[in-house]
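K.L.:
Let me give you the structure first, and then I'll get to my questions.
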Amino acid sequence: MDVKTAFKRTVELIFKNWTALQLAGVLSGVGNYKVLQLADYVAEQCLAKASIEEEEIEDTLTDILDSEFQTICEDGSPLEVSREVWRIHQLYKAGNIEQLNVEIQQLQSQQQENTVKEMPSEPPVSSDSESEAGDNNSSEPMEVSDPADEWTVVRRGRRH
């Protein structure tokens, strides 16, 4: 695999692992194709410029999430994802194929671990169900709302 292909593959995996896209339900069926298009578009935008900033990537992500996926992220994840894409772009520019391959392996493992599973029809009876709901590798649980049944809003949850 050449360095450009490795860069594009890494960006694709970053998007496939993005919890906001998983929660918006776009990583299945036709939505998965749109995510691949998004990853390819963002990768091409990075490759087309000699220098690109994290904020530029974040603006692109926010605009596309809004217009193509009807998703608004209030959890800060577009900035986190843009930082990762920017970091991977730096590896690409340096021609560091070895580290890109390591990133691909790590992201593939993470993708398998982070696959969104269907919720059981009956919630399990547990005295610590509230703490289990917040256990998603972040300090705060994620909340997803669907105003007007057309938009998905992803924001950090609040502990009560």
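K.L.:
Does Gln37 satisfy the criteria of being exposed (fewer than 15 other Cβ atoms within 10 Å of the Cβ) and not hydrophobic (A, V, I, L, M, F, W, C)?
P.N.:
yes
K.L.:
Then there is this: Scan region 48-79 for residues that are out of contact with any helix residue (DSSP H, G or I) (no Cβ under 9 Å at 6 or more places or on another chain) and assigned to a helix (DSSP H, G or I) and report the count.
P.N.:
4
K.L.:
Look through Ala39, Ala43 and report the one residue that is at pLDDT below 95 and either under 27 Å from Asn101 (Cβ atoms) or assigned to a helix (DSSP H, G or I) (or both).
P.N.:
Matching residue, one of Ala39, Ala43: Ala39.
K.L.:
Follow-up question, since we're still on this one. Those residues that are within 12 Å of Ala20 (Cα to Cα) and surrounded by fewer than 22 Cβ atoms within 10 Å (Cβ to Cβ), I need them from region 80-92; list them, please.
P.N.:
Glu80
K.L.:
Let me ask something else. Within the bounds of region 4-19, is there any residue that is touching a residue at least 12 places away in the same chain (Cβ under 8 Å), touching a strand residue (DSSP E or B) at 6+ places or on another chain (Cβ under 6 Å), farther than 14 Å from Trp86 by Cα and buried (at least 19 other Cβ atoms within 10 Å of the Cβ)?
P.N.:
no
The values are calculated or read from the model by the stated rules, or taken from the named source; none is laboratory data. Remember, it's a predicted structure, so these values are computed and weren't measured experimentally. Every residue, glycine as well, gets a Cβ built from its backbone with ideal geometry; the counts of neighbours run over all protein chains shown.
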